[in-house]
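The values are calculated or read from the model by the stated rules, or taken from the named source; none is laboratory data. Quantities reported herein were computed from a predicted structural model and do not represent experimental measurements. Ideal geometry is used to build each Cβ from the backbone, glycine not excepted, and the neighbour counts take in all protein chains shown.
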Ligand code: BLA
């Protein structure tokens, strides 16, 4: 195994929507939007329907199938809810015993019809409503992300029968964490483990915003190739919205390394259409789930994503209210004192609470007053000199590691610097916080194919402890908002003070 940080870039290069193959349990047929003649066909029509793929190209689709024609497909696709007009019941004219669920969508100037054998999956609208309403009823307000995610994992597992269901949440760097899980007895748990951004590279995340569910039915499957008519290029067929799309071989290897026989994931989107997370499902053996059941899971993901996001906003608001409790008192202290250095230091404990910090220093024209855990005076002076002096930063600057500013190692690691005037700073410090991240395997590991040199996934997903030293806890939006408020109140008091001084001098 090798180690490298930038593997995300290499993973991002794979054009997963143009792999030119589908999973072999279904058939893909493309027909011209204008002609109804077959433009594309998957090679496995030979095995499944005993049709010669090369022979049926450029012949009318309706010669071989019943249940849908070009006009029906066009009107289904033109409706905004086209996904829910699917599936069509399609019968093969040449093998009438073969009944399929047919799903249509448009790709370029072809109508793409994908056929899957009708199967016994959780059926009907009743099951679906039971699934959604149980979750909504058992999730009253005040629930946490973890409790909602736990219920979601349980419900989806009961509905689909997957061995393991997880709710996976992205962080701001696109690493992810399993925040809810339900699995068959005896499996090792992934709950609480983190996974690096490169496990789900950017082009996959982009695609998952448009195409909200994918099922990898069998990780041992040999995908079927696609043939195209002379006027088309099979390699250019955009399979973004295909339900049978063969997934990236790197990802298949990843699943095999995890010991997974079948995988499904459902996108969880924010109201603005960004990817918040995924519901990820694993099964030890190949798993069949028909289109309607998958549509129910997709819809469930959309409904429950709003619950998760609401819980997240609610938790942030509660945290903000708690953090702001001491802010009015702190502002009153600043307003009442002529000497701002003293006002802060004499009420040091209060200001540490306001900033959720361990130390605070006020440096004015080379004179320092401090409270709590702060670097020595010389170290402090050189740190403040190194703080970027950029007006665009609104005089507020933060770092989780002062060693990046050339600071000597000391107990403090994080700095929030507020520049009040030319030689006047308020410097707020947070001590080092040793971060213990539990990852699903070493996040820096990957493999390389000895023959092709191509990048591959890591081989072990055993819990891996990564200890990060030298950083403070993160400075959040709430920290910045509170600091900005202190900064603007100070601005107002200073103008007031200078006006009073000016009046006295008259
Ligand atoms: C796709 N990777 C995925 C998907 C998931 C994960 C859920 C979506 C496809 C699916 O539903 O299976 C990752 N699965 C996870 C994680 C967990 C899980 C984190 O169950 C945690 C429990 N993967 C690598 C490397 C590369 C890579 C090194 O490890 C790139 C070189 C790529 N992952 C990769 C690609 C896809 C993917 C390309 C897209 C697959 C596709 O849709 O074609």
* Asked: Under the condition of being more than 19 Å from residue 160 (Cα to Cα) and either within 14 Å of the chain's Cα centre (by Cα) or in contact (Cβ under 8 Å) with a residue 60 or more places away in the chain (or both), which residue from the stretch 252-270 is surrounded by the most Cβ atoms within 10 Å (Cβ to Cβ)?
  -> 254
* Asked: From 459, 474, which residue is part of a loop (DSSP other than H, G, I, E, B) and modelled with pLDDT under 90?
  -> 459
* Picking from 344, 360, which residue would you name as being touching a residue at least 24 places away in the same chain (Cβ under 8 Å), over 30 Å from residue 148 (Cα atoms) and in a strand (DSSP E or B)? -> 360
* Structure fact -> Checked the stretch 378-422 for anything under 22 Å from residue 344 (Cα atoms), at pLDDT below 85 and not in a strand (DSSP E or B); matches are 394, 395, 411, 422
* Asked: All but one of (1) out of contact with any helix residue (DSSP H, G or I) (no Cβ under 8 Å at 6 or more places or on another chain); (2) modelled with pLDDT of 90 or more; (3) within 30 Å of residue 146 (Cα to Cα) hold for residue 314; which doesn't?
  -> (2)
* Asked: From the set of residues in the stretch 448-480 that are surrounded by fewer than 13 Cβ atoms within 10 Å (Cβ to Cβ) and out of contact with any strand residue (DSSP E or B) (no Cβ under 9 Å at 6 or more places or on another chain), which is farthest from residue 327 (Cα to Cα)?
  -> 451
* Asked: In this structure, is residue 335 over 21 Å from residue 143 (Cα atoms), at pLDDT below 95 and in the same structural domain as residue 220 (by TED's automatic domain parsing)?
  -> no
* Is there a residue being under 18 Å from residue 95 (Cα atoms), within 16 Å of the ligand (Cβ to nearest atom), at pLDDT 85 or above and not assigned by TED's automatic domain parsing to the domain that holds residue 214 anywhere in the stretch 42-53? -> no
* Asked: Looking at the stretch 43-54, which of its residues are touching a helix residue (DSSP H, G or I) at 6+ places or on another chain (Cβ under 7 Å) and under 27 Å from residue 75 (Cβ atoms)?
  -> 45, 51
